[in-house]
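The next block holds one structure in the form of structure tokens; read it before the comments.
Here, each number is a calculation from the coordinates, and none is a lab measurement. Note that the structure is a prediction, hence the values are computed from the model and not measured. Please note: Cβ atoms are built from the backbone with ideal geometry, for glycine as well, and neighbour counts cover all protein chains shown.
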């Protein structure tokens, strides 16, 4: 053989040269994500390596030991990790000879108790013991019952409260596993609408703009004096019934207001709105239910309008409750306690309550500078309601070179004498309503009849939690109108199973700014939201825009809509109160 030495051994160079040509040493490089057509199994960094395959695994049903193919089980909710089920297929079983293996210790037991982390001390029935938390090192004093059974809460593995008791560990609360609700939008989003902006509530909460307290431009209408007898808690035998009073009240949209039209012609401001619309925009991060606002730009002016049958005209009930009222589509069988029915009931209550708590005396009322701009005696059959309209202007400028002013129509419901000075104080009147403290959607509210006097603070705190957006809007409206007092009535059903008869359980008054502080309500954040939305529209061309609250997500979307949208054709309307010069 060529290239061999005297002993006949081939040289290393000749052997390498004789090898066939190929891509090189080792396995071939590939970009495939499958192995012989089988995808790679998902894995977690915490998985342990074991045998390649084990066909003898004996679970609960012979497969994976969790009900087959990793069926969902709430007991494993916190332990499930990505790839855990697949990794268990490749785990190596314990060798047979390990079953008989044991450790023999020659250390003698001293007989002394050993206490370490995680030890539980129990002193018998009805006595107190202390448990050392093994995760946070925090000592919890708990009462132990028969057999060492623990009562009270410790801390679970996720850092939250864990109610340990006879039923074992508890995962979550009432609404932890409830299915997501799919609400419908307040307006039909059409294909020819152009999406311009999408803003989540986290961004809105970071906005801030300091505005002045506003100045009065003009005032219209009149108000009666408030009946202070409603501030006294009525006895059960003489509960006041909510009366049905037909009074002409109006909720005219911005661009249809004749006074605002005159102010716009005089260039009094850049932004025009009503307190109902403006409060919804300023309190939008608290909202849950869907709503929409129509924004019209004409030249250098912006009008914040509401559609016909606008959803924001309705007074919602327990919108912010953790377990809000259910719709029929969500499984609710109680028709009078569904969100739409409760909203109609609350709107009806607020309209009648504001008319009932005033003393209708023509000789004792406060007249504004002008008459009611919406009331026409020749066309109306009912007398006008006690209502004063104040048109006020606010400075939203961020620089002297670019002044931006806002004009808003605000409303006042009554007037009362100051007990100390005897001066007139303007009052806004609203009503919270109780439908059934034991029904689904009550939000854990206390029974008002028995707790409103003895636990008034708890009742109000619960309402602040369950009706955060509604109370925030009422507070903002009172501050915008520069009201001295905001009255909140507590109205309940005479019978929880019927929604047509109600009784007044009491009335409580607050200074609007004090109530805003209790609710952690920031007006500067609201003004920042208004100015941001206005700037988005001002950089666009003249036209019509719609700001829509997503029905299921904390997001606002700004759309540009074609000219002629929302004209009086009824195609785009959904539930709510009609706009224009119609009664509430």
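Taking 7 Å steps out from each Cα toward its Cβ at residue 401 and residue 495 produces label points 7.0 nm apart.
Global dimensions of region 445-554 from alpha-carbon coordinates: Rg and Dmax equal 18.4, 58 Å. Using 7 Å Cα-to-Cβ label points, what is the residue 540/residue 465 separation (nm, one decimal)? The two pseudo-label positions are separated by 3.9 nm. Gain on full extension, evaluated as 0.36 nm per residue between residue 191 and residue 424 minus their Cα-Cα distance, stands at 78.5 nm. In terms of packing, defined here as the mean over residues of other Cβ atoms within 10 angstrom, the peptides 267-279, 368-380 line up highest first as 267-279, 368-380. Enclosing the Cα atoms of region 393-441 in their convex hull gives a volume equal to 213 cubic angstrom per residue. From the Cα gyration tensor of region 195-561, with a ≥ b ≥ c the square roots of its eigenvalues, which class applies: rounded if a/c is under 1.5, or else prolate if a/b is larger than b/c, or else oblate? Oblate, since a/c reaches 1.5 and b/c is not below a/b.
For residue 245 and residue 327, the difference between the fully extended length at 0.36 nm per residue and the C-alpha to C-alpha distance is 26.5 nm.
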